[in-house]
Amino acid sequence: MVNKRSILMNFYFLLTGIVIMVIDQVTKHLVSLNIGRGTSLEVIPGFLYIVNVKNTGAAFGILQDYTKVLTIVSFVAILLIIILKIMLNFDYVFYNITLGFILGGALGNLIDRFFIGEVTDFISFTIFPPVFNLADSFLVIGFSLIIILILREYFKKDRAGEVEHKRN
C-alpha cells in the first residue's frame, strides 16, 4: 500500500526534475536567441561570461562527436535514476529533491541531443576552462549530494549495527 509520505516524496522527485529540465531548456533557448553562436557576453569582467557554444559531447565538452552514444547513455542513466529512486526509496525530502536534480539535468541534455543533435553550453568562467550549462551543473551537484547521502546512510546503519552488536 502506498502511503501519503511516499506519494509526496515521488512528487518532490518529479517536480524537481521537471523544474530543472524546464529551467535548463529555457536558459539554453534564451542564449540561442540572444547570443550569436561563438560569441560571448561579459557578465562579471574577467571572470564570468555567457557564451553560445554547441557541444556534441558530454558534460564539460568531453567525448566530442559521440552524440548517438551519449543519447543512449542518457536514456539508460534516466532509467537507472528511476531504479535508484525505487530501490533505495529514502524517505527524505532532500534525497528526493537531489535525485530530481540528476533527473532534470539528464533530461535537459537528452532533449538537446535527441532533438537537435548537440547541447547548448553557455556558462564560462575564466578560472574553469570548459563551458557548461545548467543541466551539467545540476548533474554534478546532484551526483555529489547523492554520494554524500548514500555514504551517510551506509555509515549510519553501520554504527547502528555496532551499537546493537555491543548490546549483545
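The values are calculated or read from the model by the stated rules, or taken from the named source; none is laboratory data. Computed from a predicted model, the values in this text were never measured in an experiment. When we count neighbours, we look across all protein chains shown, and the Cβ atoms used for this are built from the backbone with ideal geometry, even at glycine.
So in segment 91-102, with the set limited to residues that are β-branched (V, I, T) and surrounded by fewer than 21 Cβ atoms within 10 Å (Cβ to Cβ), which one is nearest to Q25 (Cα to Cα)? Restricting to residues being β-branched (V, I, T) and surrounded by fewer than 21 Cβ atoms within 10 Å (Cβ to Cβ), the top hit is I97.
When T39, T16, T27 are screened for being loosely packed, with under 15 Cβ neighbours inside 10 Å and either in contact (Cβ under 8 Å) with a residue 12 or more places away in the chain or within 15 Å of the chain's Cα centre (by Cα) (or both), only T39 passes. The residue list V76, V26, V51 contains one member that is at pLDDT 85 or above and outside any helix (DSSP H, G or I), which is V51.
Scanning segment 103-155 for residues that are surrounded by fewer than 20 Cβ atoms within 10 Å (Cβ to Cβ) and either closer than 24 Å to N10 by Cβ or within 15 Å of the chain's Cα centre (by Cα) (or both) yields a count of 16.
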